[in-house]
Amino acid sequence: IQREQREANGCTERREWWERRSRLDLRMKSLIQSLESEVLGCWRGLLLPRDPGNAGLDEQELSRLLRELRECGWESP
């Protein structure tokens, strides 16, 4: 993907550049979704930024998080 990005940056024809960019964007989207679902799984939430004004998880969110963690093999909080 990076190699193709460098090649696309060298493209001088506007229409071809946009076509290449669109294809690369779709490939990146697919790669990111694959990483989120197959590599990170339920742990992806740990990478999300936290709102400083937010007091934390409410009971429903916490319950859902614990259920998802247990499905991934985590046994005790």
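Some points to look at:
Matching residues to (1) open to solvent by 100 Å² or more (accessible area, probe 1.4 Å); (2) at pLDDT below 80; (3) within 11 Å of the chain's Cα centre (by Cα):
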{"residue": "ILE32", "(1), (2), (3)": "no, no, yes"}
{"residue": "GLY41", "(1), (2), (3)": "no, no, yes"}
{"residue": "LEU46", "(1), (2), (3)": "yes, yes, no"}
{"residue": "PRO49", "(1), (2), (3)": "yes, yes, no"}
{"residue": "ASN54", "(1), (2), (3)": "no, yes, no"}
{"residue": "GLN60", "(1), (2), (3)": "yes, no, no"}
{"residue": "GLU71", "(1), (2), (3)": "yes, no, no"}
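- Entry remark, the stretch 1-41: residues being closer than 30 Å to GLU71 by Cα and touching a Lys or Arg at 6+ places or on another chain (Cβ under 8 Å) number 1 in total.
- Within the span defined as the stretch 7-21, one or more residues are aromatic (Phe, Trp, Tyr) and loosely packed, with under 13 Cβ neighbours inside 10 Å.
The values are calculated or read from the model by the stated rules, or taken from the named source; none is laboratory data. This one's a predicted model, so the numbers in the text were calculated from it and none came from an experiment. A quick note on method: Cβ atoms are made from the backbone with ideal geometry, for glycine too, and the neighbour counts reach across all protein chains shown. Areas reflect the complete protein model, heavy atoms only, side chains present, ligands, DNA and RNA absent. Shrake-Rupley method; radii C 1.70, N 1.55, O 1.52, S 1.80 Å.
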